[in-house]
Amino acid sequence: MIKPSTSLALLLLSGGAMAAEPVASKPDTAWLLVATVLVILMTVPGLALFYGGMVRAKNVLSVLMQVFVVFCLVALLWAVYGYSLAFTEGNAVLGGLGKSFLRGITVDSVAATFSKGVYVPEYVYAMFQLTFAAITPALIVGAFAERMKFSAVLLFIVLWFTFSYLPIAHMVWYWAGPDAYTDAQAAEAAAATAGFIFQKGALDFAGGTVVHVNAGVAGLVGSLLVGQRLGFGREPMAPHNMPMTMTGACLLWVGWFGFNVGSNLEANGAAGLVFANTLLATAAATLAWMSAEWLARGMPSVLGAASGAVAGLVAVTPACGWAGPMGAILLGLVAGAGCFWAVTGLKGHFGYDDSLDVFGVHGVGGIIGSLGTAFVAAPVLGGTGVYDYVANGIGEYSLGSQLLSQIWGTGVALVWSGVVAFLAFKLVDMTLGLRVAPDAEREGLDLSEHGEMAYHD
């Protein structure tokens, strides 16, 4: 993803004259508007239904409420300060406050894309990025579902969004844009202003580290600090409504085309490749999870198929712009089987209560996808390689060097999010307390936190 730019977007002509003001591409703008709506669809209703069906009937409204309100809360925080801190120039970790409250953005200001001289309106770009910022914290709530205070959830989200999501988004995605890369000297100067992980050369097309590793680790920390649900491992806690969960999974898949393909920012052939990769990886992961579950448990489940689809979507997200279709299928197969192991063997071995498998699917799937990007992006393995904006062509590709870069990106996201989540949960616990009272948990959060019931006899 690209930083918005009005100053760098003004290309200098030979002889030093200033070019005309850049104009946004209408076809690319139209596509990005559609993609933004699709990402909203992923969250409300997609993620809300996916999570809502997996909890017990007495907690379904609480989960729907958390996802819905977290989306709204982060949307406002994004407009107030989030966009500015993530996507303006500052230092290697965080941007500045020059565009807080969206000031300076007009109907004429533009954001760069992945092609030199091609732009989209900055308002559209900012709202597209808002949807990423809003769905990421909403993913976390599945890890501590059915036992955390609503007020505590909201305070935690404010802290984690501010001190984890925004820095990682800036570190991974902030750069000066392609027009800054005119020659080697200009490229060096431009790179010095980029985010820390971007400078390390890590690839993350649509959020493997920024969204999924980031949220997955925070969810794991939350599940450990909030503690197990009452009766965990002793009482049945089966999903109360699998049709709801499957409907949510399908909406996630449809919306994910906005998530991944929209991240291309342009409606071109590269967008077609991202579309194909998103479709094929998801199908492969669904079959891989289903097959692993069939072999391990004797029958395939609807929950397993839906979870496998999400695992594939997660894993292909960082790689979707650089993998070839066969590489995307391979990533999907690995992610489907790997995430099945994570939510069965790994979680069972350590005994943590990640209610809706946020870490097992998003954390592990994000790690698989982020590290796997180094392999599937390699031209020798069918990938596209990485574009060199100075040479205006595909650059030399070293799998070993790229893998090291991916390790940097994944490792920083793991540690940063884990530390911030730990401190944020501790602060919330000291102020509001994390958990509802035992009686309230037994009654269900729908009644105890919201005074409502999802179903009436």
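The values are calculated or read from the model by the stated rules, or taken from the named source; none is laboratory data. What you are looking at is a predicted structure, and each value in this text was computed from that prediction instead of being measured. So basically every Cβ, Gly included, is an ideal-geometry build from the backbone, and we count neighbours across all protein chains shown. For the accessible areas, the whole protein counts, side chains as well, though only heavy atoms, and no ligand, DNA or RNA atoms are used. Shrake-Rupley method; radii C 1.70, N 1.55, O 1.52, S 1.80 Å.
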Subject >> Computed over segment 59-205, the ratio Rg/Rh where both radii use C-alpha atoms and Rh is Kirkwood >> reply: 1.03
Original post:
On full extension of the chain, what length is gained from LEU295 through LEU230, given 0.36 nm per residue of separation minus the C-alpha to C-alpha distance?
Top reply: 20.3 nm
Original post:
Across segment 392-457, how large is the tail of the calculated P(r) beyond 15 Å, expressed as a percent of all Cα pairs?
Top reply: 74
Original post:
Dividing the Cα convex hull volume of the chain by residue count, how many Å³ per residue is that?
Top reply: 134
**OP:** Could you tell me the number of lysine pairs in the chain with C-alpha atoms less than 17 Å from each other, where the two lysines are 8 or more residues apart or belong to different chains?
**Re:** 5
Subject >> Surface/4 of the Cα convex hull for segment 322-457, nm² >> reply: 13.6
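Tell me the net charge near VAL412. Cut-off is 13 Å between Cβ atoms, VAL412 excluded, with +1 for each Lys or Arg and -1 for each Asp or Glu.
Values: positive: LYS200; negative: ASP204.
Charge balance in the 13 Å sphere: 0.
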**OP:** Can you tell me the order of 256-262, 65-71 when each peptide is scored by its average per-residue count of other Cβ atoms within 10 angstrom, highest first?
**Re:** 256-262, 65-71
Subject >> Accessible area of segment 129-285 divided out per residue, in Å², using a probe of 1.4 angstrom >> reply: 28
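What is the percent carbon and sulfur in the accessible area of segment 349-450, measuring with a 1.4 Å probe over the protein chains and ignoring ligands?
Of all accessible area on segment 349-450, carbon and sulfur atoms account for 66 percent.
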Original post:
What's the carbon and sulfur percent of segment 29-151's accessible surface, probe 1.4 angstrom, rounded to a whole number?
Top reply: 77
Original post:
If you average the sequence gap of Cα pairs under 8 Å that are 6 or more apart and divide by the length of the chain, what percent do you get for the contact order?
Top reply: 23
Subject >> Most to least packed among 169-180, 396-407 [average Cβ atoms within 10 Å] >> reply: 169-180, 396-407
